[in-house]
Amino acid sequence: MKKEFLEKSILGTMLEENYLILDSNLTPEMFYGQHHRMLFTMMRELALEDHPVDFMTLSARFEQVTQIGLPYVTELIHFSNPEKFDAYVQLQREVWCEKQKGQILFQANEGDWPIPQIIHALDQTQLEGDFHDTTILQTLAHMENRPFEETITPGIVIPHIQDLALLIDGFRPGEVTILAARPSMGKTDMMNNLALYAGWNGHLPIIFSLEMSTRSLLDRCIATAGNYSRLKLRNPKQYFTSEQAKNWSIVLNRVHQSNVQIDDRSHLAIAQIRAQARRIIRQNPNLKPIIFIDYLQIIQSENDQDFSAIATSKISRSLKQMAKELNCPIICLSQLNRNVESRGNKRPMMSDLRDSGSIEQDADIIVFLYRDSYYNTDVREDLDLLELIVAKNRNGPTGTAYAFYNRMTGHVLSRGSS
């Protein structure tokens, strides 16, 4: 990609998504074209003052915009590409670093620099525009009264299932939870329940449904929220009671109050998920996000040539990076391989995860779903006992939590709930 088009895409995306101006950690010196350096300097100045950055504010504030040309600035938006922004910024930094390295080595040769000076100069190039505070004093100061105050973790999502909350405490920002089970065990319903209850408790649930359409997913949410049988929901006019029909608008409003956001595009890569999540989070600054993905094995690989295990490894690692970058919990559904079906005890274990090595390593929490009634038809009831087997918990105990699962409505309830 030519440097000019690379920089146009970066600047165009920044004009569309202003928060990226400062989040990118780029500096004006990293832009090759002089007019691009000038434009980025002006954009950053407005962003630092918390002003909107667009054609109008730039032209009103800076006379230099006329040197660049107003049509040129307005056309940059056509090069916007939020989904590839992070990759383009990384490429921009690499191009700049290579240029700086060449200049440093030339100066070192001309000035006969000692080896330590050369190493120091090259290290500074790598750190330019990417400052990260590594001191711990301020963090320790915030902990001073910790033994005497209630522990509050901003953004933590406490599951509505009490047994599970006792085991994992909550879904924490920066952590990835894998929710895995065999098909038809209740993964998607479990995800919907966690999303609805998180939303009703003031969070921002963002669901990436790569397998199911928004309409189908909403039908399931409506059935759960309204305690409707999904069979009746196929034709409400024919099967609903008058009371159920009367409460319909109330239930729809209840689902709306959950603030659930759904992206049902089927071919999404991690970069697209990250870009969309970042946009939704910025549009809802007063709500703490939690991201759900259904499901891991159908997330699009960035490289179609990768073998399945390699693709899963890259995706798994990227999920963890995204959770830390966005500072929110991520709950990702996952399939299990068929090994479980050949055992007498069909409760899942780590080795049953498809391409399990990288998932085991990257996930903070791994929860398997198991219902004995799925395999034992003699105990099959509408209200099933659901086992939530916490097989990995990086910061807490493992064990099994129990809940009741209503197969007709998709509702997952704590034991003792009505």
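Return yes when Leu196 is in contact with a Cys (Cβ under 8 Å, 6 or more places away or on another chain) and closer than 21 Å to Pro329 by Cβ and no when it is not. Answer is yes for this residue. Please determine whether any residue of the stretch 144-158 is farther than 27 Å from Ser318 by Cα, over 18 Å from the mean Cα position of the chain (by Cα) and assigned by TED's automatic domain parsing to the domain that holds Ile293. No - not one qualifying residue is present in the stretch 144-158.
Pairing each residue of the stretch 168-185 that is within 13 Å of Ile158 (Cβ to Cβ) with any residue that is of a type in the set (Ser, Thr, Tyr), provided the two are 6+ apart or on different chains, yields C-beta distances under 7 Å for Phe171/Thr177; Arg172/Thr153. Would you confirm, using the coordinates I've provided, whether Leu194 is in the same structural domain as Arg371 (by TED's automatic domain parsing), in contact with a strand residue (DSSP E or B) (Cβ under 7 Å, 6 or more places away or on another chain), at pLDDT 95 or above and in a helix (DSSP H, G or I)? Against the criterion (in the same structural domain as Arg371 (by TED's automatic domain parsing), in contact with a strand residue (DSSP E or B) (Cβ under 7 Å, 6 or more places away or on another chain), at pLDDT 95 or above and in a helix (DSSP H, G or I)), Leu194 qualifies.
Conditions tested, residue by residue: (1) within 30 Å of Ser301 (Cα to Cα); (2) surrounded by 14 or more Cβ atoms within 10 Å (Cβ to Cβ); (3) at pLDDT 85 or above.
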site	(1), (2), (3)
Leu39	no, yes, yes
Ala87	yes, no, yes
Glu110	no, no, no
Phe131	no, no, no
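Within the stretch 96-108, the residues that satisfy the criterion of being surrounded by 14 or more Cβ atoms within 10 Å (Cβ to Cβ), of a type outside the set (D, E, K, R) and under 28 Å from Asp23 (Cα atoms) are Trp96, Cys97, Gln100, Ile104.
Give the residues of the stretch 235-280 that are more than 23 Å from Trp200 (Cβ to Cβ), outside any helix (DSSP H, G or I) and more than 32 Å from the chain's Cα centre (by Cα), sorted by residue number. Within the stretch 235-280, Asn235, Phe240, Thr241 qualify.
The values are calculated or read from the model by the stated rules, or taken from the named source; none is laboratory data. Just so it is clear, the structure is predicted and the values come from calculations on it, not from any experiment. Cβ coordinates were reconstructed from backbone atoms using ideal geometry, including for glycine residues, and neighbour counts include every protein chain displayed.
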